[in-house]
Amino acid sequence: MSLHRRPVRLLALPAFSALLALAGCAPGDSEARVDPPPTPPADVAGFCAALHEELPEKVGGLARTRTAPESDLTAAWGGSAIVLRCGIPKPPAMTDPQQDGVHVNGVAWLLEKRENGGFRFTTGMRLAYTEVLVDKEHATDAGMLVGLSTAIAATVPEGISSY
């Protein structure tokens, strides 16, 4: 990828204006339909509300997207390219010793490949389970978990959720 930048010329102004007009339609500016998980216990919901306030504005280079319905239990980036749901019940795969996992910034993540080519990442060893669904196009870089892990480590205490 070249970092060389060309100067903008007046002839390019109409094309640049069109690009700016289209920027309003970028995935990060859209609304993502995200179903919140079933209502978690009050303590778990409190951890999720704290996490919601600390979540980064960008994940994997994608801007944060409004979710519908609005909820402290959900967040999205790049439309629905990356979707977070906090306060989910313990996933059945969490008890499978054959599942793959990774630690990022002090947070353990269970990794599950989805049928659509994307991934599901679920936190473990935290008092609230948090799930991050990533579409196939953006599932190639686990580096997106860095900012999310930092926010989770700051707001969701370590432990084993009873939910």
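The values are calculated or read from the model by the stated rules, or taken from the named source; none is laboratory data. The model shown is predicted, which means the values in this text are computed figures rather than measured ones. Here the Cβ is made from the backbone with ideal geometry for all residues, glycine too, and neighbour counts use every protein chain on show. When the accessible area is computed, the model is the full protein with side chains, heavy atoms only, and any ligands, DNA or RNA have been set aside. Shrake-Rupley method; radii C 1.70, N 1.55, O 1.52, S 1.80 Å.
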Q) Going by a ≥ b ≥ c, the root eigenvalues of the Cα gyration tensor, does the range 28-163 fall in the rounded group (a/c under 1.5), the prolate group (a/b larger than b/c) or the oblate group? A) rounded
Q: Order Arg126, Arg33, Arg66, Arg85, most accessible first, counting only protein heavy atoms with a 1.4 angstrom probe.
A: Arg33, Arg66, Arg85, Arg126
Q: Go ahead and run the numbers for FRET between Ala50 and Thr95, Cβ-Cβ distance against an R0 of 30 Å, rounding to 0.05.
A: 0.65
Q) Under a plain spin-label model, where a point goes 7 Å from the Cα along Cα-to-Cβ, how far apart in nm are His103 and Ser162? A) 2.7
(Q) Which residues among the range 81-116 fall inside the zone where the amide N is under 11 Å from a point 7 Å beyond the Cα of Glu137, along Cα→Cβ? (A) 81-82
Q) In whole percent, how big is the carbon plus sulfur part of the accessible area of the range 43-163, probe 1.4 Å, protein atoms only? A) 51
